[in-house]
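Just so it is clear, none of the values below were taken in a lab; they were calculated from the coordinates. As the structure is a prediction and not an experimental result, all values here were calculated from the model. Cβ sites come from the backbone with ideal geometry, for glycine too, and all protein chains shown count toward neighbours.
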């Protein structure tokens, strides 16, 4: 087996867990660095996705996820503000987004995710510590709660040299 693949973090796509818990499960030290946490107007695109009005507020969070001090992914997460009021006062360097959901009584049920390959912007590539021509795995995920509400949209640029993913198929 190629030596670089032995060093990859293997993540299971069968489980719906956040980055922090996933890293802890495989005995790696997770660290999150928040790049931005802004409130903005949903606009038509996110209003349609979340089933809210275009002028309603959403929270936009951009963060880098580290495993054992190495950047492995860059996430952009969008959440309707009405679900997590006062999130601006919560330190997301300490609490995971899934822990925030629990604080607000949101029970995650399932998610729908797509995978593609994409080049991040030059600034995002620098943040991830990769060359600007390096492709990343781009995951786009819509997360639902037990009531069927869309509670999150997430775009995640993951380094292919640091992570691999597995899926179990059944017949």
Subject >> Neighbour-count order for 114, 77, 158, fewest beta carbons within 10 angstrom listed first >> reply: 114, 77, 158
Original post:
By count of other Cβ within 10 Å, fewest leading, how are 66, 82 ordered?
Top reply: 82, 66
Original post:
Which ordering of 49, 117 is given by a fewest-first count of other beta-carbon atoms within 10 Å?
Top reply: 117, 49
**OP:** Averaging over all projection directions, find the projected area of the Cα convex hull of region 25-156 and quote it in nm² with one decimal place.
**Re:** 8.5
